[in-house]
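A short write-up of the structure that comes next.
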Amino acid sequence: MIPDRHEAGTFALASAITGGDVTIHNTNYDHLEPLLYKLAQSGVTIRGTHDPIRVSADYPLRAVEVQAIHFPGFPTDLQPQICALLTQATGESVIHERVFEARFTYVEELRKMGAAIQVSGEKAYIRGPTPLHAASVRALDIRSGVALLLAALAAEGSTRVTDMQHVFRGYESLPEDLKALGAQIEME
């Protein structure tokens, strides 16, 4: 069975947004390389070029430009998650979504948490670092829900994410897995 690059990428991004240090097993480095390259460009430390991969982050992170495209490029399914991370990077990051129209619908939910993001057509401009704060936000789909969970990990206070059923369609046990890494998550 091929390891899930989106799940592995989500844990790499969770480590980066929290300033954590996580070793990810059962990975395919080649499938993660576009994400790992952007993480390294932003100042995240990546150790290992095959299974396992260790991801650790020390702030400050640097702004980067991301082109979300088809495989083998940067995965559009990790675009909302890296957007959440880039709210914590110094400077202006740019995400260019080249696969899906209206992929930035989640941005309004991140703004409720204090994110400074402007969308113009296929591009999002993220100003950081922005202190994120608690808010009640809504998962609009799988990827936006995961992005909101990651933002909540970096936010001050307790954030409520509704419509989590979207996330569970793609990540069976994400809240439990994040809790195992030290996140404080309560499910209703």
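Our coupling estimate for the range 28-42, obtained by passing each phi through the Karplus curve with A = 6.51, B = -1.76, C = 1.60 and θ = phi - 60°, is 10, 4, 4, 6, 9, 3, x, 5, 4, 4, 5, 4, 4, 4, 7 Hz, Gly and Pro reported as x.
In the range 1-94, Cα pairs under 8 Å separated by at least six residues give a relative contact order of 29 percent. Based on the convex hull around the alpha carbon atoms, the range 70-124 presents an average projected area of 3.7 nm².
Taking Lys and Arg as +1 and Asp and Glu as -1, the other residues whose beta-carbon sits under 14 Å from that of Asp177 total -3. For the range 5-171, the residue among Tyr171, Gln118, Ser15 whose Cα projects farthest onto the positive side of the dipole built from Cβ charges is Gln118. Put simply, the amide H of Gly91, placed in the peptide plane, has neighbours under 5 Å in Gly128, leaving out anything fewer than 5 places away on its chain. Note on the chain: with a GNM built from Cα contacts shorter than 10 Å, the maximum mean-square fluctuation among Glu122, Glu109, Glu172 falls on Glu172. Who wins for biggest fluctuation among Ile117, Ile95, Ile24 in a Gaussian network model of the chain, springs between alpha carbons below 10 Å? Among Ile117, Ile95, Ile24, the largest mean-square fluctuation in the Gaussian network model of the chain belongs to Ile24.
Applying 0.36 nm per residue to the separation of Arg160 and Thr23 and subtracting their alpha-carbon distance, the gain on full extension is 46.6 nm.
Each label was represented as a point 7 Å from its Cα along the Cα-to-Cβ direction; for Ile69 and Ile185 these points are 3.2 nm apart.
Need one number: nm distance between label points at Ala40 and Thr105, each 7 Å from Cα along Cα→Cβ, rounded to one decimal. Result: 3.6 nm between the two label points. When +1 charges are put on Lys and Arg Cβ atoms and -1 charges on Asp and Glu Cβ atoms, the dipole computed for the range 5-171 relative to its Cα centre reaches about 200 debye. Let me make sure I get this right: for the chain, a, b and c are the square roots of the gyration tensor eigenvalues over alpha carbons, sorted descending. Under 1.5 in a/c it's rounded, otherwise prolate if a/b > b/c, else oblate. Which is it? Rounded.
Bear in mind these aren't lab numbers, they're just calculated from the coordinates by the rules spelled out. Just so it is clear, the model here is predicted, and its values are computed rather than measured. Note: ideal-geometry Cβ built from the backbone for every residue, glycine included; neighbour counts use all protein chains shown.
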